[in-house]
1. Does segment 86-98 hold any residues that are touching a residue at least 12 places away in the same chain (Cβ under 8 Å), out of contact with any helix residue (DSSP H, G or I) (no Cβ under 6 Å at 6 or more places or on another chain) and either part of a loop (DSSP other than H, G, I, E, B) or buried (at least 21 other Cβ atoms within 10 Å of the Cβ) (or both), and which are they?
2. Looking at segment 43-82 only, could you name the residues that are in contact with a strand residue (DSSP E or B) (Cβ under 8 Å, 6 or more places away or on another chain) and assigned to a loop (DSSP other than H, G, I, E, B)?
3. Among the residues of segment 66-77, is any closer than 27 Å to residue 149 by Cβ, at pLDDT 95 or above and surrounded by 19 or more Cβ atoms within 10 Å (Cβ to Cβ)?
4. Among 110, 130, which is in a helix (DSSP H, G or I) and either over 19 Å from residue 162 (Cα atoms) or modelled with pLDDT under 95 (or both)?
5. Say whether the condition of being in contact (Cβ under 8 Å) with a residue 24 or more places away in the chain and over 25 Å from residue 112 (Cβ atoms) is met by at least one residue in segment 20-36.
6. Does at least one position in segment 134-141 carry a residue that is surrounded by fewer than 20 Cβ atoms within 10 Å (Cβ to Cβ), touching a residue at least 24 places away in the same chain (Cβ under 8 Å) and on the phi > 0 side of the Ramachandran plot?
7. So the check is Cβ under 8 Å with 6+ separation or different chains; which pairs have a first residue in segment 156-177 that's farther than 15 Å from residue 146 by Cβ and a second one that's at pLDDT below 95 and in a helix (DSSP H, G or I)?
């Protein structure tokens, strides 16, 4: 079977964001994988206005060039690792907006979640799980949750505990397995 193409979506554009270090850590481990290709998709590189499409995303009829470009980016992937901060007990607005711009490009693909925040970003992931279900994204059980209290020095320098390495391997195994299976569904 063809190599899987998986995106690590960095879901924060905030100045001084911690997400870049987290996403880089995930990408470094993902690059060691033999059966899948991982690529970082930084939302800073895909500036989307607040949802401005006149028709629902489920129609697949996009008018904005920014939405068409975002669609082309997401459509080429078999699955996703969403790297999300937790802001006010949820995911970031910019990530939710990027997700809401599309529909069919997400369908029958797999996702895993990596979060960070005061409680490890767990509440942000729970919201993303519900959103993913509506978009027909199969989300895996394993997630990575990084605490600002224990995995960051001074709340800003990423220094993850060693225990996260084994959890990351499980996350990648689950994601690749589901992404491979769903690729046959889309065929």
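1. 92, 95
2. 76, 77, 78
3. no
4. On inspection, the qualifying residue turns out to be 130.
5. No; the residues of segment 20-36 include none that is in contact (Cβ under 8 Å) with a residue 24 or more places away in the chain and over 25 Å from residue 112 (Cβ atoms).
6. yes
7. none
To keep it simple, each residue is scored yes or no on (1) modelled with pLDDT of 95 or more; (2) crowded, with 18+ Cβ neighbours inside 10 Å; (3) at positive phi.
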residue: 19; (1), (2), (3): yes, yes, no
residue: 23; (1), (2), (3): yes, yes, no
residue: 27; (1), (2), (3): yes, no, no
residue: 35; (1), (2), (3): no, no, no
residue: 40; (1), (2), (3): yes, no, no
residue: 43; (1), (2), (3): yes, yes, no
residue: 50; (1), (2), (3): yes, no, no
residue: 55; (1), (2), (3): yes, no, no
residue: 60; (1), (2), (3): yes, no, yes
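The values are calculated or read from the model by the stated rules, or taken from the named source; none is laboratory data. Nothing here was measured: the structure is a model prediction, and the numbers come from that model. Cβ: placed from backbone, ideal geometry, glycine included. Neighbour counts: every protein chain shown.
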